[in-house]
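Below: one structure, written as structure tokens.
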Amino acid sequence: MNADALNGAVRETFEQVPEPGNGEYPIPLTDCLMSGYAMFSLKDSSLLAFERRRIAEQHNLESIFGIKQAPCDTQMRTRLDPVDPHSLRPAYKEVFRRAQRGKLLEEMVFMEGCVLISGDGTTYFVSEKLSSPACLTKVCSKTGKITYSLQTYAAVIVHPDRKEVIPLPPEPIFNSDGDNKNDCERNACRRWLEKFRKDHPHLKVIIIEDGLSPNAPHIRDLIEHRCHFILGLKEGDHAYLSSCLDAAVEKGEAVEHVMQDPEDPKIRHFFRSANRIPINASNKDLLVNVLEYWEEGPKGTQHFCWVTDFTITLENAYSIMRGGRARWKVENETFNTLKNQGYHYEHNYGLGEKNLSRVFVMLMFLAFLVDQVQQLCCPLFNAAWKTSGPKRELWENMRSIFRYVPVESMEMLYRIIIAGPQKLRPVFPHDTS
């Protein structure tokens, strides 16, 4: 599961991606896909930056990524635009298979043999001028201005005790998915669930999502696809469910208990739970279990509430709470990382006429997946990171060495970083010593 093996595995899956159309091209599609993947692996800020790399660093592109002939920026856009983003899913599946085989997922198991999957929708492109057929449109009711955007539903395997996440293939949100955020995310998530279960029919999972998710159609989708769930409730929503919970409290049917935090004696946890509560008045047959929670500590009091399919007990309430709160990792450890730590998620690499922006998102998340797998299990990657300091410095060191030093593998590149900078005595003009 080192970088060289994973890059080779990615390339093998790309070799199976069908060439769109019937034309003959001087550059194989595999090299075009690997070039896009290499651009995100090296954290290039634009296609122009990769274009300079293509001209000056052919040896390393071939030795590390197997790219015999990299396309120019225009060729890359043209060749990748008609590619079906779904055809790149086997690359994720292969990296995931290797992670399973290497027992990596055992470290991510949270409760009852399940891994947590945190999912959410995110916007990665917004403009009032640029658009493509894939863009969603929003008309301002006051000014009449049209805003174009691109959005995707993303899901990652998380664990409350780990910073690393394991990204799964994102699902694009189409302009036909609806006019509001709830409909868009729900429809995209439905497609994501179907594809996820085809790729991983036996994986035991707990889906954790935000306050848009606890609705009857979505919960029925989760049950149909054999997914446990811990879904956040927004305060003020779900009046019927809240009234049922209050009634359970009045009847003495709710369970309340307090516990001190096992690691911080200054924090106390307050739980109130009730099982088998109707999700709403229109779906009284759909019963969920409700956990209401307060954390009291030096920073004040925080309040949360979730619905789940797990029967809530005194023994598992704390674990359910921790699982529900881990939902933020899709924001903090995924979207924020992709936007602010070198991946340039919000940069417009190209809209295209068909699938270009979605293909780039798939390649970016794939590079992020490979990085996260290395962070979880590759000693060389972590040693290079430790030597470099902040993650951005690691990416900068990688790009610098890639540019100026011919290397035969990522292992060699990491070892150069670990060895550290050269301690050379400065040489001045006319220095005769």
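Could you please let me know if SER176 is among the hydroxyl-bearing types (Ser, Thr, Tyr) and open to solvent by 60 Å² or more (accessible area, probe 1.4 Å)?
Taking the combined requirement at face value, the residue satisfies it.
Scan region 105-118 and report the pairs whose first residue is surrounded by 16 or more Cβ atoms within 10 Å (Cβ to Cβ) and whose second residue is charged (D, E, K, R), with Cβ atoms within less than 8 Å and a gap of 6+ or a chain change.
The qualifying pairs are MET108/ARG162; CYS114/LYS204; VAL115/LYS204; SER118/GLU209; SER118/ARG327; SER118/LYS329.
Yes/no matrix, rows are residues, columns are (1) closer than 30 Å to ILE320 by Cβ; (2) touching a strand residue (DSSP E or B) at 6+ places or on another chain (Cβ under 9 Å):
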residue	(1), (2)
ARG98	no, no
GLY102	yes, no
LEU130	no, yes
VAL139	no, yes
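For (1) surrounded by 16 or more Cβ atoms within 10 Å (Cβ to Cβ); (2) within 16 Å of ASP246 (Cβ to Cβ); (3) out of contact with any Cys (no Cβ under 8 Å at 6 or more places or on another chain); (4) modelled with pLDDT of 95 or more, each residue gets a yes or a no:
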{"site": "LYS266", "(1), (2), (3), (4)": "no, no, yes, no"}
{"site": "VAL288", "(1), (2), (3), (4)": "yes, yes, yes, yes"}
{"site": "GLY297", "(1), (2), (3), (4)": "no, no, yes, no"}
{"site": "GLY300", "(1), (2), (3), (4)": "no, no, yes, no"}
{"site": "THR311", "(1), (2), (3), (4)": "no, no, yes, yes"}
{"site": "MET321", "(1), (2), (3), (4)": "yes, no, yes, yes"}
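Filter region 323-346 down to the residues that are open to solvent by 20 Å² or more (accessible area, probe 1.4 Å) and outside any helix (DSSP H, G or I), then identify the one that is nearest to ASP221 (Cα to Cα).
GLU346
Wholly within region 36-112, which helices (runs of 4 or more DSSP H) include no fewer than the required count, namely at least 3 residues that are in contact with a helix residue (DSSP H, G or I) (Cβ under 7 Å, 6 or more places away or on another chain) and more than 24 Å from PRO26 (Cα to Cα)?
Those helices (runs of 4 or more DSSP H) span 89-101.
If you scan region 46-103, which residues turn out to be under 19 Å from PHE402 (Cα atoms) and of a type in the set (A, V, I, L, M)?
LEU47, LEU48, ALA49, ILE55, ALA56, LEU61, ILE64, ILE67, ALA70
Out of TYR124, TYR153, I need the residue that is touching a residue at least 60 places away in the same chain (Cβ under 8 Å), part of a strand (DSSP E or B), in contact with a helix residue (DSSP H, G or I) (Cβ under 9 Å, 6 or more places away or on another chain) and hydroxyl-bearing (Ser, Thr, Tyr). Which one?
None of the others qualify; the one that does is TYR124.
Could you go through region 237-244 and let me know if any residue there is of a type in the set (Asp, Glu), on the phi < 0 side of the Ramachandran plot and open to solvent by less than 40 Å² (accessible area, probe 1.4 Å).
No, that holds for no residue.
Tally time: how many residues in region 1-22 are more than 23 Å from the chain's Cα centre (by Cα) and open to solvent by less than 40 Å² (accessible area, probe 1.4 Å)?
Total meeting the criteria: 1.
For residues that are part of a loop (DSSP other than H, G, I, E, B), farther than 21 Å from ARG52 by Cβ and either modelled with pLDDT of 95 or more or in contact with a Ser or Thr (Cβ under 7 Å, 6 or more places away or on another chain) (or both), tally how many sit in region 375-415.
Of the residues in region 375-415, 2 are part of a loop (DSSP other than H, G, I, E, B), farther than 21 Å from ARG52 by Cβ and either modelled with pLDDT of 95 or more or in contact with a Ser or Thr (Cβ under 7 Å, 6 or more places away or on another chain) (or both).
So how many residues does region 268-286 have that are farther than 21 Å from ILE230 by Cβ and either touching a residue at least 40 places away in the same chain (Cβ under 8 Å) or surrounded by 15 or more Cβ atoms within 10 Å (Cβ to Cβ) (or both)?
Residues in region 268-286 being farther than 21 Å from ILE230 by Cβ and either touching a residue at least 40 places away in the same chain (Cβ under 8 Å) or surrounded by 15 or more Cβ atoms within 10 Å (Cβ to Cβ) (or both): 3 in total.
The values are calculated or read from the model by the stated rules, or taken from the named source; none is laboratory data. The structure displayed is predicted, hence computed values, not measured ones. All Cβ positions, glycine included, derive from the backbone under ideal geometry; neighbour counts span all protein chains shown. The accessibility values were calculated without ligands, DNA or RNA, using every heavy atom of the protein model including side chains. Shrake-Rupley method; radii C 1.70, N 1.55, O 1.52, S 1.80 Å.
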